[in-house]
Amino acid sequence: MSAQVTAEALREVALSRDEYDLAVRLLGREPNTVELGVLGAMWSEHCGYKNSRPLLGMFPSEGADVLQGPGENAGAVRLGGGLAAVFKVESHNHPSAIEPYQGAATGVGGIVRDIFTMGARPVALLNSLRFGPLDERESRTLLAGVVRGIGDYGNSLGIPTVGGEIGFSPSYRGNPLVNAMCVGVAPADGLVRGLTGESGNVLLLVGADTGRDGIHGATFASVEDPQESHKGVIQVGNPFMEKLLMEACLELRGSPHVVGMQDLGAAGLTSSSVECAGRTGSGIEMEVSQISRRETGMTPYEVMLSESQERMLLVVTPDGVDAVRRVFQKWDLHSDVIGTVTDDGLLRVRDGAEVVCELPIHLLTEDVPRYTREGRPSAELLARRDRDVTPLVEGVTLPVQEQLLELLASPNIGSKRWAWEQYDHTIQTSTALGPGAADAAVIRVRQTGEGLALTMDCNSRHCLLDPYAGGMGAVVEAARNLACVGARPLGLTNCLNFGNPEKPEIYWHLSECIRGMSDACSALGIPVVSGNVSLYNESEGQAVNPTPVVGMVGSMPDVTRAVGTGFTEGSAVYMVSAGPAPTLAASEWLAALAGIDAGQPASPDLKGEARLHQFLQDGIQEGWILSAHDVSEGGLAVALAECSISGNAGLVATLAPEARSVEYLFGEAPGVVIIGVQPDLTATVESMSTQADLAWHRLGTAGGQDLAVDGFFTVEVEQLQSAHSRALGVPVTRVNP
Amino acid sequence: MKVGVVTFPGSNGDMDCIHVLEQIPGCEPELIWHKSTDLLSADALVLPGGFAHGDYLRGGAIARFSPVMREVARFAGAGRPVLGICNGFQVLTEAGLLPGALHRNQHILFRCAWVHVRVESNASPWLAGAQSGQVLKVAVAHGQGNYYADQDTLRGMHAREQVALRYSDTAGRISADSNHNGSVLSIAGVTNEAGNVLGMMPHPERSADPLLGSADGRVVFESLVHSLIGVAS
Amino acid sequence: MSVWLGRVTVVLKASVNDPQGLAVLDGLHAMGYSEVEQVRVGKHIDVRLEADNAEQAEQRLHQMCEALLANTLIESYTVEVGAPEEAAR
């Protein structure tokens, strides 16, 4: 029994008494202080996935194009021309809640390191952000800091930030979500793994000196309420250092001396060394006194758990150490030989003559406790889902035209230009369709001319009210967005943002969302190759809406064929669909105009989605579809307005008789797309849609200065643009003539 | 014809410049490391965009002490063509090879957008192929591009046709609305007295392919080839 | 030789527009600090240096400002030298 360890010491490392007892039993003795810190970090949810791993096994992760599935620094899928796309998404929610600028900046730094660690040159960044209501000062402060942090870090590195999403809801008050995704390109046969290789190989720690910042970040990410937990862990990013690290590591790509690379993220040197050894089945011996420090008087405990940014661990063959260090010297980077690979399966840490930590690697990786918890929806939630929204809908008496303008000017639907203009999205001269132009970002693979399409999506309202449908919805919406630019999905990464999984209703949301995502992935044949789990997202006992953000990567053979959302003058505009009828239940319209999240969202028709996506991919690659936009938040009316705004062209639309209702105009249903096609090919389009068993309706011909929907509204495109552009408010500007 | 592209630690537009120069007939681009004092017999030099040395003090302030800069100054002093793009423009002003200074955008934010510039003077070899008054659609991406020079300096620059580019609207009209970063007189690009050194905040290399939104920036690189090959033959 | 703490303050010249200062001014006004008339934002740089005496430290700091710490086309600077610390290590 463990009489010696205090409750306070266990709280410090976020281990339960039961977990501690389990560790003592497996180890056969009590761990010392350093060992306890190491154990706490590796057994945290953030590193050990103790609540989520059993559920993550549901995701399909195999496919013909998968080069690297889950378990490495990032996933990888095959592109044309012998190349691979390497990608992953990661959260930095809690750090951003405390210090939005540095939290978001270091979040970008972390995900970028995951990509170049794999030997891939980062070619794009995306982000998915959630905040509390925009009319609250705290939300605006967080938004401004996060956007600036993302911009400053990514811009300095020279990686274009090409897409993403920003949403607002009261559930994110005090606990914003900051999820960053990075995509890189590498030679398919040159991927670098986080491995240690043979015993005798040398561990090299490279980059920034080690300071006291971020100690216990991994455990900090695994407890509730960022405001109440450790405030001393703020990490400060140095993008310049990261840029040098990135260039040096990429210069070493293909070097016969480099056995493995691993970035230092959560739990710093501890997790990076243990993960490499765990994957390989080796041991590791380190000498903490060899590690360069930024501060004096640091203990081995602090050195092992520091989360100082911009550091990399390299495993190098003994005869290659000098050659590898010369590359880092060229980039004015400091490197320390800090240890060696052993064959005893132990993590042994020395401080001079003294052994300060000696733990079996498998204790830290394989023996992590796993919890399968009981999930159960709350009665309150079920009542909200089953609520009849008809009286709420009838209570909205605003004229339809005003409803449209109000939605366009609302923070969730309106333009995010203010944010994305702060991100460099044109660097690397490959951005064919950048932010605001299309349903997915499209970049050119410079070496081959192939198009790479990227998107991040999640409707957290749907996930709240029906997590299974919402989970499916996140996957199919991402796939549909790729199809709308003409791309075929290659793989998926995700970031699962949820509250405290020890609560049955949260665990139910988590497991149902994963089940929905898995079923959609299987139906559409999209493998999940990487991901990140962020639990305990709560503030003052209130959990965030379940937000399983999907990041998806797809490709098209010829990037020049990609299409945007904007109407082109003279094109014939169609609505094509493969799914349920639209509903105002659980809609953005209901939230924005009636102020409530309630009702049962529509569930996607997975087979119909697959046919719809194929139709879009074919039509765009063959050149008869000139624009495409999926109908999502705000329904058909908002989607038409967005096509007009983006293309600067109007439309006089005639709806089908059954569609002449507010429900059809603003209701939401997965599987509906607005396309603009070449006017001389309408017969082809109609027969192709029919063949694909898709419902279609010709709305009209794009052009003119008004968007008109017969019987409902006629609005000038300029007026739509003006409403849409003021959603985030106009920043203070004073310009000289 | 060899065009050297200087890489400072923190440069991030160097490979974009190489990529575009490779597609300009007659150009052979090469990277030059900032610690090098050998310009590799380059016929022209480009200082690319980025955040040289992190730009932690001021854009370009530390880069001007890189060993290569002495050679750049000598090269420029000999009347040979030097182009500074964005951060490269900042480096050239900090090094005193171009007049004025670039400080924080008037609206404070980093801004990445498509803007228009009007060619004010085509005296520089980098703009010789453009018409005076021509409007170019170009990409900008910077937080410190707000050009400043005092009144006396500006008067002299005008007299010597050193103001090369000004922000404008699509029709070439210059107003507060088209001045995207608050630069004095909407100045987007300037030359030295001899005209061989051009600094510009917009990125011609990102504006050289219709797929990306504009090919108007190609004129900068094509002008260079025409000017140099014209001189040589 | 002693170790001196030099405090360098760099601000934009009065004739140069200070967008950061204006933004802070707007922010303060929005928060109700209506008495604020002007804000100028600058940089504060602490430099620890060895020198024989305060005059020498100050002179060296001026050189550093001219060479690197300030861009005198748009910025002005002031230098203050504090009391000497113990003898150099």
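The values are calculated or read from the model by the stated rules, or taken from the named source; none is laboratory data. Since this is a predicted model, take the numbers as computed values, not measurements. Virtual Cβ from ideal backbone geometry, glycine too; neighbours counted across all protein chains shown. Side chains are part of the model used for accessible areas, which takes the heavy atoms of the whole protein and leaves out ligands, DNA and RNA. Shrake-Rupley method; radii C 1.70, N 1.55, O 1.52, S 1.80 Å.
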(message) Quick check: the distance between the Cα centres of region A:472-508 and region B:146-175, to the nearest angstrom?
(response) 51 Å
(message) If I ignore ligands, DNA and RNA and count only protein heavy atoms, how much of A:Leu465 is accessible to a 1.4 Å probe, in Å² to the nearest 10?
(response) 0 Å²
(request) Could you tell me how many degrees, from 0 to 90 and to the nearest 10, lie between the Cα long axis of helix A:321-330 and the main elongation axis, the longest principal axis, of the Cα atoms of chain A? (result) 50 degrees
(message) What is the sum of charges, Lys and Arg at +1 and Asp and Glu at -1, for the other residues whose Cβ falls under 9 Å from the Cβ of B:Met1?
(response) -1
(message) Give me a comma-separated list of calculated 3J(HN,Hα) values for region B:115-130, in order, Karplus coefficients 6.51, -1.76, 1.60 applied at θ = phi - 60°, integers in Hz, x for any Gly or Pro.
(response) 10, 10, 10, 9, 6, 8, 8, 10, 5, 6, x, 7, 10, 4, x, 9
(message) Can you find, among A:Gly486, A:Val442, A:Pro411, the residue sitting farthest towards the positive end of the charge dipole of region A:342-497, where Lys and Arg contribute +1 and Asp and Glu -1 at Cβ?
(response) A:Gly486
(request) Taking the dipole about the Cα centre of region B:2-229, with the C-beta of Lys and Arg at +1 and of Asp and Glu at -1, give me whichever of B:Ile108, B:Ser66, B:Cys17 is farthest to the positive side. (result) B:Ile108
(message) Classify region A:655-706 from the C-alpha gyration tensor, please: rounded if a/c falls under 1.5, else prolate or oblate depending on whether a/b exceeds b/c.
(response) oblate
(message) Given axes a ≥ b ≥ c from the Cα gyration tensor, I'd like to know whether the protein assembly as shown is rounded (a/c under 1.5), prolate (a/b larger than b/c) or oblate.
(response) oblate
(request) Please name whichever of B:Tyr147, B:Gly77, B:Val3 sits farthest to the positive end of the charge dipole of region B:2-229, dipole taken about the Cα centre and charges placed at Cβ: Lys and Arg +1, Asp and Glu -1. (result) B:Tyr147
(message) Let me spell out the model: positive unit charges on the Cβ of Lys and Arg, negative unit charges on the Cβ of Asp and Glu, origin at the Cα centre of region A:60-181. What dipole size does that give, in debye rounded to 20?
(response) 160 debye
(message) Of all beta bridges DSSP finds with both residues in the protein assembly as shown, what is the antiparallel percent, to the nearest 5?
(response) 80 percent
(request) Just order C:67-80, B:129-142, A:309-322 by mean Cβ neighbour count inside 10 Å, highest at the front, would you? (result) A:309-322, B:129-142, C:67-80
(message) Using Cα-Cα distances under 8 Å and only pairs 6 or more residues apart, what relative contact order does chain A have, in percent?
(response) 15 percent
(request) Return a whole-number percent for the relative contact order of region C:2-81, with Cα pairs under 8 Å and 6 or more residues apart as the contact set. (result) 51 percent
(message) Nothing charged except the Cβ atoms of Lys and Arg (+1) and of Asp and Glu (-1): what's the magnitude of the dipole of region C:2-81 about its Cα centre? Round to the nearest 20 debye.
(response) 160 debye
(request) For region A:1-44 and region A:107-184, compute the distance between their C-alpha centroids and round to whole Å. (result) 35 Å
(request) Scan around A:Leu490 for amide H atoms under 5 Å from its own, H built in the peptide plane at 1.01 Å from N, and keep only partners 5 or more places away or cross-chain. (result) A:Val553, A:Gly554, A:Ser555
(request) Round to a whole angstrom and tell me the spacing of the C-alpha centers of region A:666-717 and region A:514-548. (result) 33 Å
(request) Can you list which of the GluC sites (Glu not before Pro) found in region A:112-179 are DSSP loop residues with at most 15 other C-beta atoms within 10 Å? (result) A:Glu136
(request) Taking amide H positions as placed in the peptide plane 1.01 Å from N, state which residues far from A:Arg350 in sequence (5 or more) or on other chains have amide H under 5 Å from it. (result) A:Met286, A:Glu287, A:Val288, A:Val356
(request) Could you run the Karplus curve 6.51 cos²θ - 1.76 cosθ + 1.60 with θ = phi - 60° over region B:165-178 and give me ³J(HN,Hα) per residue in whole Hz, x for Gly and Pro? (result) 9, 10, 5, 8, 8, 4, 8, x, 7, 10, 8, 4, 5, 8
(request) Would you grab the residues whose amide H sits under 5 Å from the one on C:Glu75? Only those 5+ places off in sequence or on another chain, please, with H modelled 1.01 Å from N. (result) C:Lys13
(message) Among A:248-260, A:7-19, how do they line up by average Cβ neighbours within 10 Å per residue, starting with the highest?
(response) A:248-260, A:7-19
(message) With θ taken as phi - 60° and the coefficients 6.51, -1.76 and 1.60, list the Karplus ³J(HN,Hα) couplings across region A:257-263 in order, rounded to whole Hz; mark glycine and proline as x.
(response) 7, 8, 8, x, 9, 8, 7
(message) How much accessible area per residue does chain B have, counting only protein heavy atoms and a probe of 1.4 Å, in square angstrom?
(response) 34 Å²
(message) How charged is the neighbourhood of A:Cys249? Take every other residue with its Cβ under 15 Å from the Cβ of A:Cys249, and add Lys/Arg as +1 and Asp/Glu as -1.
(response) +2
(request) Could you grab the relative contact order for region B:2-229? Cα pairs under 8 Å, six or more apart, rounded to a whole percent. (result) 20 percent
(request) Kindly identify region B:2-229 as rounded, prolate or oblate by the Cα gyration tensor criterion: order the square roots of the eigenvalues as a ≥ b ≥ c, call it rounded if a/c is under 1.5, otherwise compare a/b with b/c, prolate if a/b is larger, else oblate. (result) rounded
(request) Scan chain B and note any complete DSSP helix (H) whose C-alpha atoms cover at least 30 Å along its axis and whose Kyte-Doolittle average is 0.0 or more. (result) none
(message) Antiparallel versus total DSSP beta bridges in region B:2-229: what percent is that, nearest 5?
(response) 60 percent
(message) Using only Cα atoms and rounding to the nearest 10 degrees, what angle (0 to 90) does helix C:54-64 make with the longest principal axis of chain C?
(response) 60 degrees
(message) If you fit an axis through the alpha-carbon atoms of helix A:239-251 and take the longest principal axis of the Cα set of chain A, what angle between them do you get, 0 to 90°, nearest 10?
(response) 80 degrees
(request) Kindly provide the helix-only [θ] at 222 nm of the protein assembly as shown, computed as the sum of -39,500 (n - 2.57) over DSSP H runs of four or more divided by all residues, to the nearest 500 deg cm²/dmol? (result) -9000 deg cm²/dmol
(request) Using the Cα centre as the reference, give the magnitude of the dipole from point charges on the C-beta atoms of the protein assembly as shown (Lys, Arg: +1; Asp, Glu: -1; all else neutral), rounded to the nearest 20 debye. (result) 1520 debye
(message) With every protein chain left in place and a probe of 1.4 Å, what is the accessible surface of C:Lys13, to the nearest 10 Å²?
(response) 70 Å²
(request) Lys and Arg at +1, Asp and Glu at -1: add these up for the other residues within a Cβ distance under 15 Å of A:Arg446 and post the number. (result) -4
